[in-house]
Amino acid sequence: MGNLEQLDKVVEEAEKELNAIDDLNLLQQKKANYLGKKGVVAQMMSNMRDLTVEARKEIGMRSNRIKELLEAKFEEKRKAIEEAIISKKLQSESIDVTLPGVHLPIGGIHPLNQTIMELEDLYIGMGYKVAEGPEIETDENCFEKLNLPKGHPARDMQDTFYISPELLLRSQTSPVQVRTMLEEEGKPIKIICPGKVYRRDADDATHSHQFMQCEGLVLGKNITLADLKGALLEMAKKMLGEDREIRLRPSFFPFTEPSVEVDVSCGLCNGKGCPTCKNTGWIEVLGAGMVNDNVLRMSGYDPKEIQGFAFGIGVERLTMLKYRIDDIRNFYTNDIRFLNQFKEVK
Ligand code: DAH
């Protein structure tokens, strides 16, 4: 075969081989076979040494063109393979947006947290701030500075979990009053403090060893029991219904003087008397009172200058009244059928 025919044959063969390739590595190998330093084209060009000048010129030009032609063909093939790879990948990764979605149930806000959020909204609207304190408290903040010295009989009202003689799990949110007074150093205060508290109680329908309270403290000039009554009546109406009334009964707490127990008119019988309110027409919801002078003094306040009131709402009790729940343990046993009833989006 003459040299020129040989060249044409090379192109033909290369084209045939290219058609069969669909893999980039193989393509690279084949390209080296044809166009590499020791490839078919290079070898053919080196065979020209023995030819006449004329023939060399002719074949040289042809083989250069063929080289360019082959390079273009290999490049074209490379692009085609790459495109095929991409479109295969796209196809395998394509998403059918018309398929129905997987249903992931959304959680809801726990009813106790809902009550706390409502209380916060309500009191923030009346100018209160929300204060916080730790659940592990000192005996001093939880009792001594609230006018409950060691050995005081009223400590029996709250069976407390002690960690050491000086440290305990707070049995009430009242120590946040002390913390805030010590921070504010004699300045007026208007706070609520919601949070968890702990007591050594056996769990039953109305007792839990861990529950929640929302404390309130207002200190300023000329604050009276009438202001306390106003703050609590507003709360009772907003939380339990506009037609609710409250009444104050004398009581005792070491940190308040006078102290009161606050009842709300029964929502089931509208105050007429029924089994829920034990035929009294009233249901006890919280303790409150005017802050005891000793408590003010112990945390740096002068009772002649500043006085005020405090209250402690039982969050479970309020929530149970609001939704007519008859067992406090429902809040803590995580029964999804119970909790789902309080979800806004079902
Ligand atoms: N700390 C009291 C309790 O746990 C509730 C309470 C009563 C809080 C009267 C107060 C208050 O701030 O003034 O039973």
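The values are calculated or read from the model by the stated rules, or taken from the named source; none is laboratory data. It should be emphasised that the depicted structure is a prediction, and the values quoted were computed from it without experimental measurement. Positions of Cβ are generated from backbone atoms using ideal geometry, with glycine treated the same way; all protein chains shown enter the neighbour counts. Heavy atoms of the whole protein, side chains included, go into the accessibility calculation; ligands, DNA and RNA do not. Shrake-Rupley method; radii C 1.70, N 1.55, O 1.52, S 1.80 Å.
Could you give the size of the charge dipole of the chain about its Cα centre, using +1 on the Cβ of each K and R and -1 on the Cβ of each D and E, expressed in debye and rounded to the nearest 20?
Numbers: 47 positive and 55 negative charges, 149 e Å.
Value, rounded to 20: 720 debye.
Can you give the calculated 222 nm mean residue ellipticity of the chain, where each DSSP H run of n ≥ 4 adds -39,500 (n - 2.57) and the sum is split over every residue, rounded to the nearest 500 deg cm²/dmol?
-13000 deg cm²/dmol
Out of residues 5 or more away from Cys274 or on other chains, whose amide H comes under 5 Å of its own, with H placed 1.01 Å from N in the peptide plane?
Asn279, Thr280, Gly281
Regarding segment 2-92, what is the average projected area of its C-alpha convex hull, in nm²? Display every interim value, and only then the final one.
Numbers: hull surface 23.6 nm².
Convex hull of Cα atoms, orientation-averaged projection: 5.9 nm².
Given DSSP loops and a limit of at most 15 other Cβ atoms within 10 Å, what is the longest stretch of the chain that contains no such GluC sites (Glu not before Pro)?
Longest stretch, sites excluded: 1-131.
Please find the FRET efficiency linking Asn33 to Thr98, where r is the Cβ-Cβ separation and R0 is fixed at 51 Å, and quote it to the nearest 0.05. Mind showing how you got there, number by number?
Values: r = 49 Å, r/R0 = 0.96.
So the FRET efficiency works out to roughly 0.55.
Evaluate the Kirkwood expression for the hydrodynamic radius of segment 72-118, namely the inverse of the mean inverse distance over all pairs of different C-alpha atoms, and round to one decimal in Å.
The Cα-based Kirkwood calculation yields 15.9 Å.
Mind checking the dipole of segment 80-190: about its Cα centre, +1 per Lys or Arg Cβ, -1 per Asp or Glu Cβ, Debye to the nearest 20?
160
Along the charge dipole of segment 111-342, pointing to its positive end and built from +1/-1 on Cβ of Lys, Arg, Asp and Glu, which listed residue (Ser171, Thr224, Cys274) has its Cα farthest out?
Farthest along the dipole direction, towards plus: Cys274.
For the peptides 25-32, 101-108, 194-201, what is the packing order when you average, over each peptide's residues, the other Cβ atoms within 10 Å and list the highest mean first?
So the order, starting with the most tightly packed, is 194-201, 25-32, 101-108.
Just to be sure I understand the model, the point goes 7 Å from the Cα along the line to the Cβ. What's the resulting Phe252 to Thr206 distance in nm?
2.0
For segment 105-118, in order, what is each residue's ³J(HN,Hα) by Karplus, 6.51 cos²θ - 1.76 cosθ + 1.60 with θ = phi - 60°, in whole Hz (x at glycine and Pro)?
x, 8, x, x, 7, 4, x, 5, 5, 4, 4, 4, 5, 5
Kirkwood-based Rg over Rh for the chain (C-alpha set), two decimals?
Numbers: Rg = 42.9 Å, Rh = 27.0 Å.
Dividing the radius of gyration by the Kirkwood radius yields 1.59.
Identify the trypsin sites (Lys or Arg not before Pro) of segment 47-84 meeting these criteria: DSSP loop state and at most 12 other C-beta atoms within 10 Å of the C-beta. Each step should come with its number before you reach the end.
On the way: sites: Arg49, Arg56, Lys57, Arg62, Arg65, Lys67, Lys73, Lys77, Arg78, Lys79; in loops: none.
Sites meeting the loop and neighbour criteria: none at all.
Please report the relative contact order for segment 111-342, taking Cα pairs under 8 Å with a sequence separation of at least 6, and give it as a percent rounded to a whole number. Walk me through the numbers before you get to the answer.
Numbers: 447 pairs, mean separation 48.8, N = 232.
After rounding, I find 21 percent.
Enter the per residue convex hull volume of segment 225-309, computed from alpha-carbon coordinates, in Å³ rounded to the nearest integer.
92
Find the relative contact order for segment 21-90 and round it to a whole percent, using C-alpha pairs within less than 8 Å whose residues are 6+ positions apart. Don't jump to the answer; show the numbers that get you there.
Working: 28 pairs, mean separation 25.1, N = 70.
That works out to 36 percent.
So for the pair Met157, Asp22, with labels modelled 7 Å out along Cα→Cβ, what separation do we get in nm?
8.6
Please enumerate, by chain and number, the lysines with C-alpha under 27 Å from the C-alpha of Lys9, excluding those fewer than 8 residues away in the same chain.
Within reach: Lys30, Lys31, Lys37, Lys38, Lys57, Lys67, Lys73, Lys77, Lys79.
In segment 98-142, which residues have a backbone nitrogen under 16 Å from the label point lying 7 Å from Glu166's Cα in the Cα-to-Cβ direction?
Those under the cut-off are 136-142.
What are the ³J(HN,Hα) values, in whole Hz, obtained from phi via the Karplus relation 6.51 cos²θ - 1.76 cosθ + 1.60 with θ = phi - 60°, for each residue of segment 154-164 in sequence order, with x given for Gly and Pro?
Values, residue by residue: 5, 4, 5, 4, 10, 6, 9, 7, 8, 9, 8 Hz.
Go through Pro194, Asn334, Val262 and say which Cα lies farthest out towards the positive end of the charge dipole of segment 111-342; charges sit on Cβ, +1 for Lys and Arg, -1 for Asp and Glu.
It is Val262.
At 1.4 Å probe radius, can you tell me the per residue accessible area of the chain in Å²?
Accessible surface, normalised per residue, equals 59 Å².
Distance check, please: which entries in Lys187/Lys229; Lys145/Lys187; Lys272/Lys343; Lys129/Lys238 exceed 25 angstrom between their Cα atoms?
Lys272/Lys343
Put +1 on the Cβ of every Lys and Arg and -1 on every Asp and Glu Cβ in the chain; which of Ala236, Pro105, Val291 then has its Cα farthest towards the positive end of the dipole?
So the residue we want is Pro105.
Check which residues have an amide H placed less than 5 Å from Val197's amide H, if you skip close sequence neighbours.
Long-range HN contacts for Val197: Phe211, Met212, Gln213.
Apply the Karplus curve 6.51 cos²θ - 1.76 cosθ + 1.60, θ = phi - 60°, to the phi angles in segment 315-329 and return the couplings in whole Hz, x for Gly and Pro.
Karplus-based 3J(HN,Hα) across segment 315-329 equals 5, 5, 4, 4, 5, 5, 5, 4, 9, 6, 9, 9, 9, 4, 5 Hz.
Work through the residues other than Ile163 whose Cβ is under 12 Å from its Cβ and net out their charges, Lys, Arg +1 and Asp, Glu -1.
-3
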